[in-house]
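Worksheet: the structure to be examined is printed underneath.
Read-outs: derived from the displayed coordinates by stated rules, not from any lab. No experiment lies behind these values; they were computed from the predicted model shown. Cβ: placed from backbone, ideal geometry, glycine included. Neighbour counts: every protein chain shown.
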Amino acid sequence: MTTTGGESSIFRGCFATLKSSNPLNKFKFPAKTSPSTVQFGAKVAPFLSPTSALPPTSDGYGNLGSCGRRGLIFLSVTLPSLFPLQEYVKDFNAEAEELGAPDYLLIKDEIRKVLSKGKAAGVLRLVFHDAGTFELSENSGGMNGSITYELERPENKGLKKSLKIIEKAKNVVDERQSVSWADMIAVAGAEAVSICGGPDIPVRLGRLDSLTPDPEEKLPEESLDAPSLKQCFQRKGFSTQELVALSGAHTLGSKGFGSPIVFDNSYYKILLEKPWLSSAGMSSMVGLPSDRALVEDDECLRWITNYANDQDLFFEDFKNVYIKLVNSGVRWKSS
């Protein structure tokens, strides 16, 4: 479900930055590196600093060498599709306490210095448009930073501003520890939710950036009806419940679901009211066609009602599915 401008939109775990054994990826604090420079629409890797712009591997990802700690193996497939989500999230949280927490906190701190509540919706939309290209059957797309090559696509209109915000934080972090765009965007989205009153969401670090854009026309269109949306999300590995939970991100932004800077369950309450059926004022402008379609589907309606009645349930489910989203299609730094 794509939008233009700053609103959040649904498409179109542990806190570890692992240190590579490759000499090019070793940094000593406070080593200085050249900050990345934004070159929107460039044909070469526009957001990679010199230290990370290494030759691509055969799958189009940077060859960042091998790294590892305590025997962790980061699979190059999407873990949530292989393991139950709750166990998956639990493992991430446990590992976070012992792996790279200071690096993770540095990223969070720098993001919070540049991210305001008014910019949160656009940053969250950036996450969905980067991760939303994932296709389970093809194991392609996903949370890989390829959005830096895709800013001129119509569905990504307005995202250049959001990326510039994150770049400010990334430049500071890169002076101490190189971090991928995929990691920065994933953490920024979680912080966008948190500063607007939503749940705290742990984000695992170690994603590799793609050196090429993802295929086009992989984001769900905002005009899809509920059956088409469910099929589209199923191809990306998400259930109907997860589709409805992710759609709650539309509570941020200017689509008429409560305060544009407060992350809560207003989205679901307003969906149940169906204000677009009223002829009064601007109520007919509330939400996207895809938002309105959800409430007309019995299976979706059940979850909409649950989340409208229980904000804590929505927060927990959104946290879990966000973690799954930002690990979709990820190529991790190898062990």
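Before moving on, here are some points about what is shown:
- Inter-part distance where segment 223-271 and segment 311-335 are each reduced to a Cα centre, Å: 16
- Highest to lowest packing among 228-236, 150-158, scored as the average C-beta count within 10 Å: 228-236, 150-158
- Under the simplified labelling scheme, the ASP312-GLN234 pair shows an inter-label distance of 3.4 nm, with each label point 7 Å from Cα along Cα→Cβ.
- Volume of the convex hull of segment 228-321 (Cα atoms only), normalised per residue: 89 Å³.
- Relative contact order (percent, whole number), segment 264-335, Cα cutoff 8 Å, 6+ residue spacing: 32
- Charge dipole (segment 226-335, unit charges on Cβ, about Cα centre) - positive-most of LEU301, ALA245, LEU277: ALA245
- Of the GluC sites (Glu not before Pro) in segment 165-247, the ones in a loop by DSSP (not H, G, I, E or B) with at most 12 other beta carbons within 10 Å are GLU216, GLU217.
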